[in-house]
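> First, the structure itself, so that you have it in front of you.
The values are calculated or read from the model by the stated rules, or taken from the named source; none is laboratory data. Values in this document were obtained by computation on a predicted structure and should not be read as measured data. Neighbour counts run over all protein chains shown; Cβ positions are idealised from the backbone, glycine included. To get the accessible areas, we keep the full protein, side chains included, count just its heavy atoms, and leave off ligands, DNA and RNA. Shrake-Rupley method; radii C 1.70, N 1.55, O 1.52, S 1.80 Å.
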Amino acid sequence: MEEKQHFLIVSFPAQGHINPSLQLAKRLARLSARVTFSTSIEYNSRLNTSSSPPTLSFSPYSQGKYDKSFKLPDLDPSDLLTELASAGIKSLTAIANELAASGSPVTCVIFNFLVPWARDVAADLAVPAVLYWIQAAALFRVYHLFFNGHAEKIINIATQEKPTSEIALPGVPTLQVRDLPSLLLKKLTVDELFFPAVEATFQGLSRVVLVNTFDGLEKSTLTAAGEAELVAIGPALPSAYTDGEDEEDKAIGGDLQRAEDEYMAWLSAQKEGSVVYVSFGSHSVLPVSEREEISKALRESGRPYLWVARGEREGVEEGEKGRVVEWCSQVEVLASGAVGCFVTHCGWNSTLESVVCGVPMVGLPQWTDQMANCRLVEAEWGVGVRAEKAEKAELSRCIELVMGEGEGEDMRRRAKALASLARDAFREGGSSDRNLRAFVRSPMGGLT
Ligand code: UDP
């Protein structure tokens, strides 16, 4: 490793973006590169930076007038992206100048989608800018096709075909129409708001794109012909769950909320594979009526459960066998051995965490890439099932299918086999380990 190498990792301020970006930062730092991690001022102040390697430091960027609040009702559609880009460029440039003045200039900028302006800073510094794709490689291909001549075709399919019709897109596993990313189809206000930032991400892409996945999971998509070279460097999880080299490295450290204390003791008192874990990530909140249906299904299952219900509790039943928390250290929960089924929205981080821990899933996808991830879980890897509706009978069917005899046993066997592939990816000489080391030694990694 050349001493002068210095990665500036720029992350959009959202839990699902920060977690994989922080893990990449730690991995690069462990390869003894210097790394500066940059996200918004507010989110940076909530990170747990105590267990970071010594070569990793934190320098937040400004979001201008959105430094005070970055919540939906306060975001002004007319100037949101220009304000984020202009404030971001200004403060990231100042950070880079300070680093250069301190004798450690940035040699490569790595950014995730929604912060495409980081590329402009890299251009000014005359260093490479590399996209770190934090969703499935399959989704990268869908977005790439969309922004490279296939938008009309994809929109036509989405609007004219039945939701369950299958679509064959080159280099992408067979999806159904309903699995197409909501962001591309601008189905929600938030999709509309951020669509131009996604579009900008796909303009002027570097040849190499780093992806938070691993060869054993998405081999055919990764190797499919395409303009970008997709380099799998995931799963972006702490060492204790992947290569096993650092058993103390267990928490992601990116949590924007504090986990409660008591649930791990409760979890460790439960039988192996007996608990249903329910969580819909950091963003989605299900309607009360759906929470009531989940409560009924959990009660009927008679199984112990741990439910992350952020914010509102109406409709969320704790009952005798349940524990309800505001937030938990999810990866530690999934790795505990007690969890036998994850009822999830299929966010990509949650999906990967479940894969690494060998826990089969019941998918209740909500928006963006979650429907496609759920499809991969069910149809490609056979480690879970999609709940067609958030209704008691359907949820009960799915939970029993995953945790019961017969098909459930096959699912659990496949989940264990996939988990073993996931852990191999980061062992010394494993595919992601090799890919990451090759990247840092390459000119794209900032070596001249
Ligand atoms: N997470 C957590 N504790 C919780 C809920 C979520 O640590 O109680 C973490 C989870 O482990 C994952 C991230 O938050 O790393 C959520 O990312 P994901 O892509 O699954 O969903 P999003 O929040 O982006 O919808």
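> Please give the per residue accessible area of segment 1-92, computed with a probe of 1.4 Å over protein heavy atoms only, in Å².
Spelled out: the 1.4 Å probe surface of segment 1-92, per residue, equals 42 Å².
> Per residue, what volume in Å³ does the Cα convex hull of segment 1-70 take up?
Taking the convex hull of the Cα positions in segment 1-70, it is 73 Å³ per residue.
> I would also like to ask the following. Strictly greater than 19 Å: what percent of every Cα pair in segment 189-338 meets that?
67 percent
> Moving on. Would you please report the Å³ per residue occupied by the convex hull of the alpha carbon atoms in segment 262-400?
Hull volume normalised by residue count: 94 Å³.
> Further, regarding this structure: Rolling a 1.4 angstrom probe over the protein heavy atoms, how many square angstrom per residue are accessible across segment 231-356?
Value for segment 231-356: 39 Å² per residue.
> Semi-axes of segment 260-326's equivalent ellipsoid from the Cα gyration tensor, sqrt of 5 times each eigenvalue, largest first, rounded to whole Å?
19, 14, 9
> Within segment 360-400, name every residue whose backbone N is under 11 Å away from a label modeled 7 Å from Cα of Glu300 along the Cβ vector.
391-400
> Okay, moving on. Roughly speaking, what is the stretch gain from Asn48 to Glu407, that is 0.36 nm per residue apart minus the C-alpha to C-alpha distance, in nm to one decimal?
Fully extending the segment from Asn48 to Glu407 adds 125.2 nm.
> So what's the convex hull volume per residue for the Cα atoms of segment 1-119, in Å³?
With only Cα atoms used, segment 1-119 gives 98 Å³ per residue.
> What do you get for the angle between helix 189-201 and the principal long axis of the chain? Use alpha-carbon atoms, 0 to 90 degrees, nearest ten.
Taking the Cα atoms of the chain, the angle to 189-201 is about 40 degrees.
> How long is the gain from Ala100 to Arg313 if the chain were fully straight, where each residue apart is worth 0.36 nm and the alpha carbon distance is subtracted?
Result: 71.8 nm gained on full extension.
> Using every alpha carbon pair in segment 232-294, what percent of pairs falls into each 10 Å bin from 0 up to the bin containing the largest distance?
The distribution over segment 232-294 is 15, 31, 42, 12, 1, given as percents.
> Same structure, new question: Once neighbouring chains are kept in place and the probe is 1.4 Å, which whole percent of the accessible area of the chain is contributed by carbon and sulfur?
The C+S portion of the solvent-accessible surface of the chain is 49 percent.
> Still on this model: I'd like the orientation of helix 431-441 relative to the chain: the angle between its Cα long axis and the longest Cα principal axis, in ° from 0 to 90, rounded to 10.
10 degrees
> What accessible area per residue comes out for segment 154-228, rounded to a whole number of Å², with a 1.4 Å probe?
Normalised by residue count, the accessible surface of segment 154-228 is 45 Å².
> Moving on. Which entries of Lys187/Lys392; Lys321/Lys392; Lys26/Lys71; Lys389/Lys416; Lys71/Lys389; Lys26/Lys65 show an alpha-carbon separation above 23 angstrom in the structure shown?
Lys187/Lys392; Lys26/Lys71; Lys389/Lys416; Lys71/Lys389; Lys26/Lys65
> Run through segment 27-108 and list the trypsin sites (Lys or Arg not before Pro) located in a DSSP loop whose Cβ has at most 16 other Cβ atoms within 10 Å.
Of the trypsin sites (Lys or Arg not before Pro), the ones in loops of segment 27-108 whose Cβ has at most 16 other Cβ atoms within 10 Å are Lys68, Lys71.
> Just the projected area, averaged over all directions, of the convex hull on the alpha carbon atoms of the chain: how many nm²?
That works out to 20.2 nm².
> What do you get for the angle between helix 151-160 and the principal long axis of the chain? Use alpha-carbon atoms, 0 to 90 degrees, nearest ten.
Roughly 20 degrees, rounded to the nearest 10.
> Right, something else. Gap in Å between the Cα centre of segment 386-448 and the Cα centre of segment 12-90?
With segment 12-90 and segment 386-448 each reduced to a Cα centre, they are spaced 27 Å.
> Follow-up. Would you mind calculating the relative contact order of the chain from Cα pairs under 8 angstrom and at least 6 residues apart, reporting the percent as a whole number?
Here the relative contact order equals 16 percent.
> Here's something else I'd like to know. Which Cα, out of Leu56, Pro116, Val130, lies furthest along the positive dipole direction of segment 1-132 (beta carbon charges, K/R +1, D/E -1)?
So the residue we want is Leu56.
> Give the relative contact order (percent, whole number) for segment 275-332; include only Cα pairs under 8 Å separated by 6+ residues.
36 percent
> Heavy atoms only, 1.4 Å probe, whole protein assembly: order Thr344, Thr93, Thr189 by accessible area, highest first.
Result of the area sort, largest leading: Thr189, Thr93, Thr344.
> Moving on. For a quick check of understanding: with a 1.4 angstrom probe and all protein chains in place, what accessible area in square angstrom does His144 have, to the nearest ten?
Rounded to the nearest 10, the figure is 30 Å².
> In addition: Could you tell me what % of all Cα pairs in segment 307-358 have separations over 17 Å?
For segment 307-358, the share of Cα pairs beyond 17 Å comes to 39 percent.
> If you keep only loop residues by DSSP, which trypsin sites (Lys or Arg not before Pro) in segment 144-217 have at most 13 other Cβ atoms within 10 Å of their Cβ?
Taking segment 144-217 and a limit of 13 other Cβ atoms within 10 Å, the loop trypsin sites (Lys or Arg not before Pro) found are Arg207.
> Considering the chain, which cysteines have no disulfide-compatible partner, defined as another cysteine with its Cβ under 4.7 Å away?
Singleton cysteines: Cys108, Cys328, Cys341, Cys357, Cys398.
> Related question: When DSSP assigns beta bridges and you keep just the ones with both residues in the chain, what percent turn out antiparallel, to the nearest 5?
5 percent
> Helix-only mean residue ellipticity at 222 nm, the chain, DSSP H runs n ≥ 4 weighted -39,500 (n - 2.57), per residue, nearest 500. What is it?
Theoretical 222 nm ellipticity from helices: -12000 deg cm²/dmol.
> Here's something else I'd like to know. Considering only the other residues whose Cβ falls under 15 Å of the Cβ of Gly88, what net charge follows from Lys and Arg at +1 and Asp and Glu at -1?
-3
> Same structure, new question: Assuming 0.36 nm per residue, please report the length gained on full extension of the stretch Glu326 to Thr93 beyond their Cα-Cα distance.
80.2 nm
> Please compute the Kirkwood hydrodynamic radius of segment 79-134 from all pairs of different C-alpha atoms, in Å with one decimal.
11.6 Å
> Let me ask you something else. Can you give the Rg and Dmax of segment 114-213 based on its C-alpha atoms, in angstrom?
Computed over the Cα atoms of segment 114-213, radius of gyration and Dmax are 14.6, 48 Å.
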